[in-house]
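See structure below.
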Amino acid sequence: MQKSTFMYVTYIRTTPEKLWAALTQPEFTRQYFFNTTQESEWKPGASWKMKAPDGSTTDGGEVIEIDPPNRLVLKWRHELKPELHAEGYSHMTYLIEKAGTAVKLTVTHEMDKAGSKLIEGVGHGWPTILASLKSLLETGQPLEETRQWKGGCKGE
Amino acid sequence: MKKQKLVYTTFIKSTPKKTWDAITKPEFTRQYWAGLANVSDWKKGAKWEHITKKNEVWVLGKVVECTPAKRLVLTWADPDQLKDVSRVTFEIEKVEDLVGLTVTHDNFKAGSKMAGKVSWGWPRVLSSLKSFLETGEGLNIFAGC
């Protein structure tokens, strides 16, 4: 079957535990993930939601696999833009591994559909978000561009 | 067959000039790029070499295009496999108070071994480059290379 896949690898001077906290806890995501937060009980089968600063749900789904601080797999559907919502669920995986004095983070976002607009959109967003996450963990400051909500997924 | 092409984009709190210098000056590349130096006079048609502290040449090629602080295009080959030549493009763009850096590695020969090697290497090199420019220190993540 044809798929759309986005994959990105970054290396961050931090620990797996700190990276895990930064990926899941609102006080961190607000700083580098366009002022959004993620709500979940963070256990298998739990619902997962990404919230814009006004409280609206931008993306939603559920936790498929969770093994802190190593691996998280989410079922992920966009909720705001009708054409992206209509594509249905994608899968997003965080894989965290130690690498020398740093941590390797691999983000894989895929959908069982060729030419997915959602995957194209997140393909523009992830490099910015992950660059800002790396800056936040290494310098204490995220990249200014990622502090504010900008209406969601670019690139359409 | 689909052609192999590796594209990696990152955003760095730096300036185009500092980012350019970090890519083209050996005293900087040694600090974040597995201890290796990029050596050239960076003029169109000039040769460039990627060399270790012991003066071993790991990668070499020619400068195809050079617009300082903006764009650098190189050919790229292992000195033992000169026919397996590919192309690397560095594009530096100012984005508000940041630099967007995109590295594209393409034009691989059919059956090239280089694409596999550099897909291991570029995320490491460019993560370490970002750390170097933002914190003054590269990453120690090159064991096994």
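The values are calculated or read from the model by the stated rules, or taken from the named source; none is laboratory data. Since the structure is predicted, the reported quantities are computational estimates derived from the model, not experimental observations. Heads up, the Cβs are rebuilt from the backbone with ideal geometry, glycines too, and the neighbour counts pull from every protein chain shown. Each accessible area value is taken on the protein alone, full model and side chains, heavy atoms only, with ligands, DNA and RNA left out. Shrake-Rupley method; radii C 1.70, N 1.55, O 1.52, S 1.80 Å.
Could you tell me the distance between the Cα centroids of the stretch A:72-94 and the stretch A:4-41, to the nearest Å?
The stretch A:72-94 and the stretch A:4-41 have Cα centres separated by 17 Å.
What is the set of long-range amide H partners of B:G35 at a cut-off below 5 Å, with H atoms built 1.01 Å from backbone N?
none
Peptides B:54-63, A:101-110: what's the order by average Cβ count within 10 Å, highest mean first?
With the highest mean Cβ count within 10 Å placed first, the list reads A:101-110, B:54-63.
How many Cβ atoms of partner chains, on average, are near each residue of B:120-126 if near means within 10 Å of its Cβ?
The per-residue average across the peptide is 3.
Mind checking the dipole of the stretch A:18-156: about its Cα centre, +1 per Lys or Arg Cβ, -1 per Asp or Glu Cβ, Debye to the nearest 20?
I would put it at about 220 debye.
Just to confirm the number: angle between the C-alpha axis of helix B:114-135 and the first principal axis of chain B, 0 to 90 degrees, nearest 10?
Taking the Cα atoms of chain B, the angle to B:114-135 is about 10 degrees.
Evaluate Rg over Rh across the stretch B:94-141, taking Cα atoms for both radii and Kirkwood's formula for Rh.
On the Cα set of the stretch B:94-141, Rg over Rh gives 1.09.
Rounded, prolate or oblate: which fits the stretch A:91-149 when a ≥ b ≥ c are the square roots of the eigenvalues of the alpha-carbon gyration tensor, with rounded for a/c under 1.5 and prolate only if a/b beats b/c?
Oblate, since a/c reaches 1.5 and b/c is not below a/b.
Once you order the gyration tensor axes a ≥ b ≥ c over the Cα atoms, which shape class does the stretch B:39-84 get: rounded for a/c under 1.5, otherwise prolate or oblate by comparing a/b with b/c?
Oblate is the answer for the stretch B:39-84, as a/c is 1.5 or above yet b/c matches or exceeds a/b.
Along the three principal axes, how long is the protein assembly as shown when you take its alpha carbons, biggest first, rounded to the nearest angstrom?
56, 43, 34
Residue farthest toward the positive end of the dipole of the stretch A:1-87, with Cβ of Lys/Arg at +1 and Asp/Glu at -1: which of A:N70, A:T14, A:M50?
So the residue furthest toward the plus end is A:T14.
For the protein assembly as shown, with only Lys/Arg (+1) and Asp/Glu (-1) charged at the beta-carbon, what is the dipole magnitude about the Cα centre, in debye rounded to 20?
That gives a dipole near 960 debye.
Just add up the charged neighbours of B:I51: K/R +1, D/E -1, any other residue whose Cβ is under 15 Å from the Cβ of B:I51.
Around B:I51, the charge tally is -1.
Hey, what's the per residue convex hull volume over the C-alpha atoms of the stretch B:58-145, in cubic angstrom?
So the per-residue hull volume is 108 Å³.
Note down the nm distance, to one decimal, between modelled labels 7 Å out along Cα→Cβ at B:V95 and at A:K43.
About 3.9 nm, to one decimal.
Hey, got a sec? Which GluC sites (Glu not before Pro) in the stretch B:84-145 land in a DSSP loop and have at most 14 other Cβ atoms within 10 Å?
Answer in residue order: B:E96, B:E137.
About the Cα centre, and with charges only on the beta carbon of Lys, Arg (+1) and Asp, Glu (-1), how big is the dipole of chain B? Nearest 20 debye, please.
For this selection, approximately 380 debye.
Counting only helical runs of four or more DSSP H residues, what would the 222 nm mean residue ellipticity of the protein assembly as shown come to if each run contributes -39,500 (n - 2.57) and the total is spread over all its residues?
About -8500 deg cm²/dmol.
Kirkwood-based Rg over Rh for the stretch B:1-131 (C-alpha set), two decimals?
Rg/Rh for the stretch B:1-131 comes to 0.94.
Could you quote the convex hull projected area for the stretch A:1-105, Cα atoms only and averaged over all directions, in nm²?
So the mean shadow area of the Cα hull is 7.5 nm².
In peptide A:128-135, what is the residue-averaged number of other protein chain Cβ atoms found within 10 Å of each Cβ?
Whole-number average of other-chain Cβ neighbours for A:128-135 is 5.
Just to confirm a number: summing +1 for Lys and Arg and -1 for Asp and Glu over residues other than B:K70 whose beta-carbon lies under 9 angstrom from that of B:K70, what do you get?
Surrounding charge for B:K70 is -1.
If you take the accessible area of B alone, add that of A alone, and subtract the area of the pair, what total do you get in Å², probe 1.4 Å, to the nearest 100?
Chains B and A together bury roughly 1700 Å² of accessible area.
Between A:N35 and B:W58, what FRET efficiency follows from the Cβ-Cβ distance if R0 is 41 Å, with the result rounded to 0.05?
It comes out at approximately 0.40.
Give the angle, between 0 and 90 degrees and rounded to the nearest 10, that separates the Cα long axis of helix A:117-139 from the longest principal axis of the Cα atoms of chain A.
Its long axis makes an angle of about 10 degrees.
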